[in-house]
Amino acid sequence: MAMSKDELFTTLKNILVSEFDLDEDKVKPEANIVLDLDLDSIDAVEMIVKMKPYLNGKIEPEAFKSVRTLADVVEILSPLTK
């Protein structure tokens, strides 16, 4: 069964807090990846790599060109969850 968007966000949040040492209070759906979380493009790629075990399908790099917030990430990854 596919993960809900809430479950997907929680998984993403846990990865960001544990792997990227981000403050849990800053990791919110509306958080801007660059401005609020201070993640660069390398960090963003690493974040997606860490999400791969939870996904079933290929991630299209083109889809991420419009991503600005964590909610955007959840929207793009949601159809790909296991």
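Overview of values
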quantity: Every residue from the range 12-45 that is among the charged types (D, E, K, R), assigned to a loop (DSSP other than H, G, I, E, B) and at pLDDT 95 or above; calculated: 21, 23, 28, 30, 36, 38
quantity: Flag for residue 36 being under 16 Å from residue 21 (Cα atoms), among the charged types (D, E, K, R) and open to solvent by less than 50 Å² (accessible area, probe 1.4 Å); calculated: no
quantity: Checking residue 9 against (1) open to solvent by 40 Å² or more (accessible area, probe 1.4 Å); (2) in contact (Cβ under 8 Å) with a residue 60 or more places away in the chain, the condition it does not meet; calculated: (1)
quantity: Selection count, the range 46-76, where residues are in a helix (DSSP H, G or I) and either surrounded by 14 or more Cβ atoms within 10 Å (Cβ to Cβ) or over 11 Å from the mean Cα position of the chain (by Cα) (or both); calculated: 20
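The values are calculated or read from the model by the stated rules, or taken from the named source; none is laboratory data. Since the structure is predicted, the reported quantities are computational estimates derived from the model, not experimental observations. In this analysis, Cβ positions are derived from the backbone assuming ideal geometry, glycine residues included, and neighbour counts consider all displayed protein chains. Remember, those area values only see protein heavy atoms, side chains included, never the ligands or the DNA or RNA. Shrake-Rupley method; radii C 1.70, N 1.55, O 1.52, S 1.80 Å.
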